Structure formats: C-alpha cells, structure tokens
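Visitor: Got a structure for you, questions after.
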Amino acid sequence: MAVGFKREISSHVEEYVDEAVELAKELIEIPTVNPPGENYEECARLLTAKAREYGLEATTVRVPMEQLPKLTPWGEDLPRVNVLAKWGMAEGPIFNIPALYDVVPAGEGWTTEPFRGVVREGRLYGRGASDMKGGLAASLVVAKALKDLKIRPWGSLVYSFSPDEETGGKAGAGFLLSGGYLKADMSVIPEPSGVDNVWNSGKSALWRVAVVHGKAAHASLPHLGVNAFEAMLHVASAVNKMKEELPTRISEYHSLRGPERPSINVGGMCSSGPAVNVIPEKASFTVDRRLIPEENMDDVEGELKTVIEDAARSAGVSVEIKTLLRAEHTHVSKDAFICATLSRNVEDVLGKTPTFTLCPGFLDMRYFVKAGIQCVCYGPGTLDVAHMRDEYVKLEDIKAFMKVLALTVYDVLALYSPY
C-alpha cells in the first residue's frame with residue numbers, strides 16, 4: 001500500500017511545478033544581494049506570507065542589531081531576518097528543510113535581467129535561480145502539495161529560511177541553531193548539488209583580509225609618502241605564488257569533477273586611497289583559501305600569516321591581518337538514514353542511484369552536523385552556473401527534486417491518511 005501511495009504522491013507533485021516556478025520568480029525579483037544584505041525584510045515577508053497561505057505556522061526570528069558586528073564579516077548594519085515555518089505534530093521526528101535566500105551580486109554581461117525571473121527553453125534564469133531560490137521555492141511548495149493530499153505527518157516538517165549563507169551564515173543558520181530557535185533530527189538543504197548527486201561533505205574555507213599601512217602624501221611629492229597600494233601589490237603577489245604548490249595536495253575526497261585540491265583566490269575584494277592625487281596610506285585585499293579535508297585549519301592560517309607578514313616586511317610596511325570567516329570541513333556518512341532515504345527516492349524518480357560527493361564550496365551544513373543533526377545538501381541546479389551571469393535552473397530538475405523531496409518527507413515522517 002505504501003508503494004502505491006508513494007506513486008500517488010509522486011504523480012500529484014507534478015501538478016505543483018508551475019507554482020514552484022512562479023514562487024521562484026517572485027523570490028528572484030527581490031534582490032537579496034549579500035554583501036551587504038539588501039532587501040532581507042521584503043523577502044522574509046514574502047516567505048512568511050506564502051507559508052501561511054499554504055497552511056503552515058510561520059514566524060520570523062530577527063537578529064538583534066547589537067549582535068550584527070560579530071555575526072557579519074564586514075559588520076553590516078542591515079537587518080537579518082530568519083523565517084521558521086512548521087507543519088505537523090509536536091510528537092515524532094522533526095524533518096528540517098533549511099533554505100538560504102541571499103544571493104551574490106549579479107555582475108555584468110547578462111542576456112536577461114538578473115533580478116527578473118525569466119523562463120526560456122525549459123530553464124528559469126535569474127540571480128539565485130540555481131543557488132538557491134529555485135530549490136527554496138520548490139521545497140516550500142512541496143508542503144502545499146502534501147497538505148492538499150489531506151495527509152498528516154507523524155512528527156513535523158520545519159522550514160528555516162535564512163540569510164547570509166554567502167558570507168558564512170552566522171546570522172542565519174548559525175544564529176538559529178546556537179540560539180535554540182531551531183531543533184531537528186535531520187535536514188536536507190536544497191543547495192544546487194544536481195538532482196542525481198548528494199553533497200554529504202563540504203570543503204573548509206578561510207577568509208582573511210590584509211590591510212597594508214603606508215604614509216599619505218601629496219601625489220606630486222611621492223617621496224614624502226609610502227604608497228600602501230604599491231606595497232599591497234607586492235604582498236598580494238607573494239600570496240598568489242602559493243597557487244604554484246597547492247595543486248600538488250590531492251584529497252581522497254572527490255567532487256563531481258574528481259579528486260579535490262586546495263585553492264586560493266586573491267583580491268576578491270580590495271580597496272585603496274581616497275583620491276587620485278593622494279599617495280594612499282592604506283590598502284587592503286582579501287584572500288579566500290579553500291582547504292581539502294586533509295588540511296588543518298590552524299596550520300593553513302599560520303602559513304598564510306607568515307607569507308603576508310614576510311612580504312610586508314620586505315616591502316617596508318606594516319600589515320594588519322583580520323579573519324573574516326573560518327568554515328570547517330563537514331561530513332556525513334552515506335550510510336546515514338537521511339542519505340539512504342534520499343538515495344532510494346532518487347533511484348525511484350530518476351531510475352539511477354545518486355552519487356555522494358564533496359562540495360567544492362563550504363556549506364551551512366556544518367552548523368547542523370555540529371549540532372548533532374543528520375544533514376546533507378540535495379537540490380536542483382548545478383554549482384557550475386551558480387554565481388555566474390545567466391544563472392539558471394532546469395524546470396525538469398525542479399520537478400524531479402520536488403518528487404524526491406516529497407517522497408523523502410513521506411519516508412521520514414510516515415505520512416498517513418486521516419480517513
């Protein structure tokens with residue numbers, strides 16, 4: 001009987017794909033750009049309203065403004081708002097779907113408007129379509145589809161919609177879990193893993209900013225100053241040379257592209273003087289270092305510190321190093337209940353067993369695993385179009401994801417008919 005009922009669920013969910021796409025469009029059209037964290041309140045209002053429209057209990061959890069300097073990498077003072085929505089009973093297991101609503105800046109060169117959801121040739125385009133407003137919208141509409149079948153869960157399905165994942169998640173998932181606002185037995189984050197792949201591991205990341213100090217002077221009298229920008233170029237070049245050795249470090253963990261290696265990105269953000277005719281007294285640049293699981297965070301942090309300080313010393317300037325983010329590697333065994341359940345349902349929907357791989361990026365998954373929650377990432381979209389111009393998600397992948405998620409909710413919460 002359960003097999004037949006699951007077929008009914010899978011078929012029923014197909015009728016809600018268009019609604020999920022429309023909701024994704026609405027979310028894309030709210031430019032929740034991070035940094036700095038724009039339009040979060042508007043997005044939270046939409047998600048709260050939609051959850052209530054679908055019959056879920058919904059509330060918002062705001063981060064106190066006085067805590068933001070410690071929770072946002074650059075100390076932004078824009079509001080951070082989380083949304084919690086619940087369906088089900090107080091008793092039984094808690095199945096959580098955490099979804100992140102912030103997006104990176106759009107950049108240039110788009111063939112569509114980045115903040116206007118556009119469907120073209122079976123794809124939904126827009127900033128966040130893949131990462132991860134498509135997955136967010138699809139996961140929320142799944143609750144409506146299941147409720148419309150007039151079935152009830154033993155336990156509860158809890159959604160947590162959070163900001164700031166793109167800059168570390170401290171004011172989002174981290175805040176909800178550390179503050180006790182969110183509790184769960186298992187979680188599936190609809191990140192763009194690909195519908196035939198599950199991320200059960202995530203890389204580590206270390207973000208640092210190096211601030212080089214020089215001496216200001218009039219640009220016509222450069223001998224009276226110390227050009228911090230020129231010194232910064234020297235320091236940044238020394239850091240960039242670390243790229244030469246990193247590819248020799250090969251991980252036993254594989255992503256979809258094969259064995260993973262560490263990487264380093266220099267100058268994702270940089271700044272210098274205040275005017276054209278001023279010798280800049282301060283200049284800064286960021287370093288984004290991605291670690292493979294075999295590397296030790298403290299060792300990498302020390303290695304980077306030594307290179308920066310030695311280069312600054314040789315340039316005759318002082319340097320200040322600040323840590324913006326430390327995101328540790330996380331891993332969940334593919335033998336865990338949530339992995340086995342997802343795998344079975346992916347096979348039912350797609351006709352093939354999914355792969356389990358390491359995500360090359362860092363994930364909010366680490367907060368959940370640290371809290372003792374079985375958590376993996378699985379969703380529509382792919383990482384290779386995320387953060388790029390003309391970002392998109394395939395509509396057929398949204399449909400497949402919705403089916404897999406609905407069946408997984410069924411398996412975890414033992415949905416039953418009241419009649």
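Visitor: Restricting attention to segment 241-265, which residues are of a type in the set (S, T, N, Q) and either loosely packed, with under 13 Cβ neighbours inside 10 Å or under 15 Å from Glu301 (Cα atoms) (or both)?
Guide: Within segment 241-265, the first condition is being of a type in the set (S, T, N, Q), and the residues that meet it are 248, 251, 255, 263, 265.
If the condition is that a residue be of a type in the set (S, T, N, Q) and either loosely packed, with under 13 Cβ neighbours inside 10 Å or under 15 Å from Glu301 (Cα atoms) (or both), then Thr248, Ser263, Asn265 are the ones that fit.
Visitor: Taking the options Ser314, Ser343, Ser318, name whichever one is polar (S, T, N, Q), closer than 17 Å to Val404 by Cα and in contact (Cβ under 8 Å) with a residue 40 or more places away in the chain. Don't jump to the end; show me each part of the working.
Guide: On the way: Ser314 fails: closer than 17 Å to Val404 by Cα; Ser318 fails: closer than 17 Å to Val404 by Cα.
None of the others qualify; the one that does is Ser343.
Visitor: Turning to a different aspect of this structure: Can you name the residue in segment 217-232 that is without any contact (Cβ under 8 Å) to a residue 60 or more places away in the chain and surrounded by fewer than 17 Cβ atoms within 10 Å (Cβ to Cβ) and is also farthest from Lys305 (Cα to Cα) among such residues?
Guide: Ser220
Visitor: With the condition kept exactly as written, say whether any residue in segment 327-334 is within 20 Å of the chain's Cα centre (by Cα), of a type in the set (Val, Ile, Thr) and either assigned by TED's automatic domain parsing to the domain that holds Glu260 or crowded, with 20+ Cβ neighbours inside 10 Å (or both). Reasoning before the result, please.
Guide: Pass one, segment 327-334, residues within 20 Å of the chain's Cα centre (by Cα): 327-332.
Keeping just the survivors that are of a type in the set (Val, Ile, Thr) gives 330, 332.
Remaining after also requiring either assigned by TED's automatic domain parsing to the domain that holds Glu260 or crowded, with 20+ Cβ neighbours inside 10 Å (or both): 330, 332.
So far as segment 327-334 goes, yes, one or more of its residues are within 20 Å of the chain's Cα centre (by Cα), of a type in the set (Val, Ile, Thr) and either assigned by TED's automatic domain parsing to the domain that holds Glu260 or crowded, with 20+ Cβ neighbours inside 10 Å (or both).
Visitor: Test Gly273 against the criterion of being surrounded by fewer than 17 Cβ atoms within 10 Å (Cβ to Cβ) and under 28 Å from Gly107 (Cβ atoms), and give yes or no.
Guide: Criteria not met by Gly273.
Visitor: Counting only residues that are farther than 12 Å from Ser160 by Cα and not in a loop (DSSP other than H, G, I, E, B), which one in segment 58-70 is farthest from the chain's Cα centre (by Cα)?
Guide: Filtering first and then ranking leaves Glu66.
Here's the yes/no breakdown for (1) of a type in the set (Gly, Ala, Ser); (2) under 21 Å from the mean Cα position of the chain (by Cα); (3) crowded, with 18+ Cβ neighbours inside 10 Å:
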position: Leu124; (1), (2), (3): no, yes, yes
position: Ala143; (1), (2), (3): yes, no, yes
position: Ser160; (1), (2), (3): yes, yes, yes
position: Gly169; (1), (2), (3): yes, yes, yes
position: Ala184; (1), (2), (3): yes, yes, yes
position: Ser187; (1), (2), (3): yes, yes, yes
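Visitor: Out of the residues in segment 222-247 that are in contact with a Lys or Arg (Cβ under 7 Å, 6 or more places away or on another chain) and assigned to a helix (DSSP H, G or I), which is nearest to Ser272 (Cα to Cα)?
Guide: Ala228
Visitor: Within segment 171-182, how many residues turn out to be within 16 Å of the chain's Cα centre (by Cα), assigned to a helix (DSSP H, G or I) and of a type outside the set (A, V, I, L, M, F, W, C)?
Guide: Within segment 171-182, residues that are within 16 Å of the chain's Cα centre (by Cα), assigned to a helix (DSSP H, G or I) and of a type outside the set (A, V, I, L, M, F, W, C) number 1.
Visitor: Answer with yes or no whether Thr357 is assigned to a strand (DSSP E or B), in the same structural domain as Thr382 (by TED's automatic domain parsing) and touching a residue at least 12 places away in the same chain (Cβ under 8 Å).
Guide: Criteria met by Thr357.
Visitor: Out of Val158, Val188, Val195, Val209, which single residue is touching a Phe, Trp or Tyr at 6+ places or on another chain (Cβ under 8 Å), among the β-branched types (Val, Ile, Thr) and not assigned by TED's automatic domain parsing to the domain that holds Pro36?
Guide: Testing whether each residue is touching a Phe, Trp or Tyr at 6+ places or on another chain (Cβ under 8 Å), among the β-branched types (Val, Ile, Thr) and not assigned by TED's automatic domain parsing to the domain that holds Pro36 leaves just Val209.
Visitor: Among the residues of segment 4-29, which ones are of a type in the set (A, V, I, L, M, F, W, C), over 27 Å from the mean Cα position of the chain (by Cα) and over 10 Å from Ala145 (Cβ atoms)?
Guide: The answer is Phe5, and nothing else.
Visitor: What residue, among those in segment 381-402 that are more than 16 Å from Gly117 (Cα to Cα) and not β-branched (Val, Ile, Thr), is nearest to the chain's Cα centre (by Cα)? I'd like the intermediate steps shown before the answer.
Guide: Step one: of segment 381-402, the residues more than 16 Å from Gly117 (Cα to Cα) are 382-384, 396-397, 399-402.
If we keep only those that are not β-branched (Val, Ile, Thr) too, we end up with 383-384, 396-397, 399-402.
On the way: Leu383: 11, Asp384: 14, Glu396: 22, Asp397: 19, Lys399: 21, Ala400: 21, Phe401: 18, Met402: 19 Å.
Top of the filtered list is Leu383.
Residue-by-condition table, conditions (1) in contact (Cβ under 8 Å) with a residue 12 or more places away in the chain; (2) crowded, with 23+ Cβ neighbours inside 10 Å; (3) outside any helix (DSSP H, G or I):
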{"site": "Gly379", "(1), (2), (3)": "yes, yes, yes"}
{"site": "Thr382", "(1), (2), (3)": "yes, no, yes"}
{"site": "Ala386", "(1), (2), (3)": "yes, no, yes"}
{"site": "Arg389", "(1), (2), (3)": "yes, no, yes"}
{"site": "Val393", "(1), (2), (3)": "yes, yes, yes"}
{"site": "Glu396", "(1), (2), (3)": "yes, no, no"}
{"site": "Lys399", "(1), (2), (3)": "yes, no, no"}
{"site": "Met402", "(1), (2), (3)": "yes, yes, no"}
{"site": "Ala406", "(1), (2), (3)": "yes, yes, no"}
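Visitor: Also, quick follow-up: Determine whether Ala205 is farther than 30 Å from Tyr378 by Cα and either of a type outside the set (Lys, Arg) or not in a helix (DSSP H, G or I) (or both). So that I can check it myself, show each step before the final result.
Guide: Values: farther than 30 Å from Tyr378 by Cα: no; either of a type outside the set (Lys, Arg) or not in a helix (DSSP H, G or I) (or both): yes.
Considered against the rule, which asks whether it is farther than 30 Å from Tyr378 by Cα and either of a type outside the set (Lys, Arg) or not in a helix (DSSP H, G or I) (or both), Ala205 comes out as no.
Visitor: Among the numbered conditions (1) within 27 Å of Tyr410 (Cα to Cα); (2) in contact (Cβ under 8 Å) with a residue 40 or more places away in the chain, tell me where Arg7 comes up short.
Guide: (2)
Visitor: Do we have Tyr125 as among the aromatic types (Phe, Trp, Tyr) and in contact with a helix residue (DSSP H, G or I) (Cβ under 8 Å, 6 or more places away or on another chain) here? Before you say what the answer is, go through the steps one by one.
Guide: On the way: among the aromatic types (Phe, Trp, Tyr): yes; in contact with a helix residue (DSSP H, G or I) (Cβ under 8 Å, 6 or more places away or on another chain): no.
It is false that Tyr125 is among the aromatic types (Phe, Trp, Tyr) and in contact with a helix residue (DSSP H, G or I) (Cβ under 8 Å, 6 or more places away or on another chain).
Visitor: If you check Ser251 against the conditions, is it in contact with an Asp or Glu (Cβ under 6 Å, 6 or more places away or on another chain), over 28 Å from Arg313 (Cα atoms) and of a type in the set (Gly, Ala, Ser)?
Guide: Values: in contact with an Asp or Glu (Cβ under 6 Å, 6 or more places away or on another chain): yes; over 28 Å from Arg313 (Cα atoms): yes; of a type in the set (Gly, Ala, Ser): yes.
Taking the combined requirement at face value, the residue satisfies it.
Here's the yes/no breakdown for (1) within 30 Å of Phe285 (Cα to Cα); (2) among the aliphatic types (A, V, I, L, M):
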{"site": "Thr32", "(1), (2)": "yes, no"}
{"site": "Glu53", "(1), (2)": "no, no"}
{"site": "Pro69", "(1), (2)": "yes, no"}
{"site": "Leu78", "(1), (2)": "yes, yes"}
{"site": "Val104", "(1), (2)": "yes, yes"}
{"site": "Thr112", "(1), (2)": "no, no"}
{"site": "Gly117", "(1), (2)": "no, no"}
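Visitor: Now for a separate question. When segment 17-44 is examined, which residues are found to be assigned to a helix (DSSP H, G or I) and over 20 Å from Tyr125 (Cα atoms)?
Guide: Selection gives Tyr40, Glu41, Glu42, Ala44.
Visitor: Next up: I'd like to know if segment 2-22 contains one or more residues that are touching a helix residue (DSSP H, G or I) at 6+ places or on another chain (Cβ under 7 Å), under 15 Å from Pro163 (Cα atoms) and surrounded by 19 or more Cβ atoms within 10 Å (Cβ to Cβ).
Guide: So in segment 2-22, the residues touching a helix residue (DSSP H, G or I) at 6+ places or on another chain (Cβ under 7 Å) come out as 6, 9-10, 12-14, 16-17, 19-21.
Now restrict to residues that are under 15 Å from Pro163 (Cα atoms): none.
Taking every residue of segment 2-22 in turn, none turns out to be touching a helix residue (DSSP H, G or I) at 6+ places or on another chain (Cβ under 7 Å), under 15 Å from Pro163 (Cα atoms) and surrounded by 19 or more Cβ atoms within 10 Å (Cβ to Cβ).
The values are calculated or read from the model by the stated rules, or taken from the named source; none is laboratory data. Quantities reported herein were computed from a predicted structural model and do not represent experimental measurements. Positions of Cβ are generated from backbone atoms using ideal geometry, with glycine treated the same way; all protein chains shown enter the neighbour counts.
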